[in-house]
Amino acid sequence: MDKNRVYIFDTTLRDGEQVPGCQLTTVEKIEVAKELEALGVDVIEAGFPISSPGDFQSVVEISKAVSEPIICALTRANTKDIDAAAEALRFAKRGRIHTGIGASDMHIKYKFNSTRDEILQRGVDAVKYARKFTDDVEFYAEDAGRADNEFLARMIEAVIAAGATVVNIPDTNGYCLPDQYGAKIKYLVDNVSNIDKAIISVHCHNDLGVATANSIAGIMNGARQVECTINGIGERAGNTSLEEVAMILKTHHGLGYNTGINSKRIYGISNLVSTMMRMPVQANKAIVGRNAFAHSSGIHQDGVLKHRENYEILDPEDLGINPNSIILTARSGRHALKHHLERLGYKIDKVNLDEVYQRFRK
Ligand code: KIV
Ligand code: ZN
């Protein structure tokens, strides 16, 4: 196994689809799932089968329609949820049950009205039960971002001993800062005696705008699976954005990490998800926003036309984006104007360019 391979777990169809107004039909979900497969994701979280008949059916149909990625179904830590997930995954070539429970004292007290020991036992029981159906069981320690590290380590050690093969450390409320989240992952690497028996997964929400930074900090401290969504959609301020993680790891290849993502398909799937979910992408969104490669000032346009990399660290063609991103604005210079005139088939000498440029500026 390549120890620097980072697995991409896409949850656009589960965490992403929970967003009000973003619901998709099963047919639409299958289309997105096929595009995710072509994009090269390793895991597709296809839904939460117990939550609704529609979610159940979507997991069934996606399991039939997609063969490369692992198909994952979400559950809470109880037998009814796990039974439903196992049933929905029956056609999956490789199925994963994703079960879990709250790990922070906040959730233990105010959500479950319980104790640490009781909650830990419920997590262990859920993993053992899920293992009866599949040997691919992921455990999530909900609100791990705010959980006490010592208790979290105890819980993670116990669920791995019970059979969890992936352990998800969600920053459910997007609370952590990158150094804190990275340190939490390192704490688990250093303090969970059987951590080598499982893959650590990061699942970060974007409430403070640092979900991607937190995920990268997690990878740098030992996580090897990232849970993310196309365009970063998801509950509240969203999840870690898949395209950002993929392009960070590709651009900073010196770090040594690799994914199976075919970056040329990023822009296409970004548009598909945005259109289908009626969720516009903000213009200045990193990687896929309308302005991510739009140069408007004369200085930048001149620099890009001389040598693209003067002002672009990513190659738009690498993302499947039309590279023609020189936009004529009131701040454009002669170089940009000449570039567009030539594109339209007009050859123009210096004297004429000066005159046309003065008229253009007016
Ligand atoms: O944010 C979260 O904690 C989740 C879990 C259900 C994995 O989405
Ligand atoms: Zn989440």
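Ranking 330, 341, 351 by Cα position along the charge dipole of the stretch 294-361, where only Lys, Arg, Asp and Glu carry charges on their C-beta atoms, puts 351 farthest toward the positive end.
Annotation: amide H-H contacts under 5 Å for residue 240 (H modelled 1.01 Å from N, sequence separation of 5 or more, or interchain): 204, 229.
Which entries of 29/197; 264/285; 93/186; 250/306; 80/128; 132/197 show an alpha-carbon separation above 23 angstrom in the structure shown? Over 23 Å apart, Cα to Cα: 29/197; 93/186; 250/306. The alpha-carbon positions of the stretch 7-276 define a convex hull whose volume is 112 Å³ per residue.
Excluding same-chain neighbours fewer than eight residues apart, the aspartates and glutamates reachable from residue 350 by a Cα-Cα span under 15 Å are 342. Among beta bridges identified by DSSP and lying wholly in the chain, the antiparallel ones come to about 5 percent.
Only Cα pairs under 8 Å and at least 6 apart count here; give the relative contact order of the chain as a rounded whole percent. Please report the intermediate quantities before stating the final value.
Working: 718 pairs, mean separation 52.8, N = 362.
RCO, the chain: 15 percent.
Working note: 222 nm ellipticity from helices only, DSSP H runs with n ≥ 4, each -39,500 (n - 2.57), summed and divided by the residues of the chain, gives -12500 deg cm²/dmol to the nearest 500. Each principal axis of the Cα atoms in the stretch 1-84 has its own extent, and those three values, largest first, are 37, 29, 25 angstrom. Computed over the stretch 241-311, the range of Cα coordinates on each principal axis works out to 36, 35, 15 Å, biggest value leading. In this structure the amide hydrogen of residue 168, modeled in the peptide plane, comes within under 5 Å of the amide hydrogens of 139, 140, 141, 201, none closer than 5 places in sequence on its chain. For the stretch 150-198, the calculated P(r), taken from all Cα-Cα distances in 5 Å bins from zero up to the bin holding the longest distance, is 5, 22, 31, 23, 14, 6, 0 percent. Charges were assigned to the Cβ only: +1 to each Lys and Arg, -1 to each Asp and Glu. The resulting dipole of the stretch 271-362 about its Cα centre is roughly 440 debye. Placing +1 on the Cβ of every Lys and Arg and -1 on the Cβ of every Asp and Glu, with no other charges, gives the chain a dipole of roughly 940 debye about its Cα centre. Could you run the Debye sum over the Cα atoms of the stretch 168-221, one equal point scatterer each and no solvent, and tell me log10 of I(q)/I(0) at q = 0.18, 0.29, 0.30, 0.31 Å⁻¹, two decimals? Log-scaled intensity ratios, in q order: -0.51, -1.12, -1.17, -1.23.
Once you've got the GNM for the chain with C-alpha springs shorter than 10 Å, pick whichever of 254, 123, 174 has the biggest mean-square fluctuation. Residue with maximal mean-square fluctuation among 254, 123, 174: 254. In the stretch 147-261 the Cα-Cα distances spread across 5 Å bins starting at 0 as 2, 13, 23, 23, 19, 13, 6, 0 percent of all pairs. Equivalent ellipsoid of the stretch 1-150: semi-axes from √(5λ) of the C-alpha gyration tensor, largest first, are 27, 17, 16 Å. The distance from the alpha carbon centre of the stretch 123-140 to that of the stretch 79-115 is 9 Å, rounded to a whole number.
Over the stretch 294-361, one equal point on each Cα, no solvent: what is log10 I(q)/I(0) by the Debye formula at q = 0.20, 0.25, 0.28 Å⁻¹? Log-scaled intensity ratios, in q order: -0.81, -1.13, -1.29.
Residue-wise HN-Hα couplings along the stretch 229-236, as the Karplus relation 6.51 cos²θ - 1.76 cosθ + 1.60 with θ = phi - 60° gives them from phi, are 9, 5, 6, x, 5, x, 3, 6 Hz; Gly and Pro carry x.
Read-outs: derived from the displayed coordinates by stated rules, not from any lab. This is a predicted model, so every value here is computed, not measured. Virtual Cβ from ideal backbone geometry, glycine too; neighbours counted across all protein chains shown.
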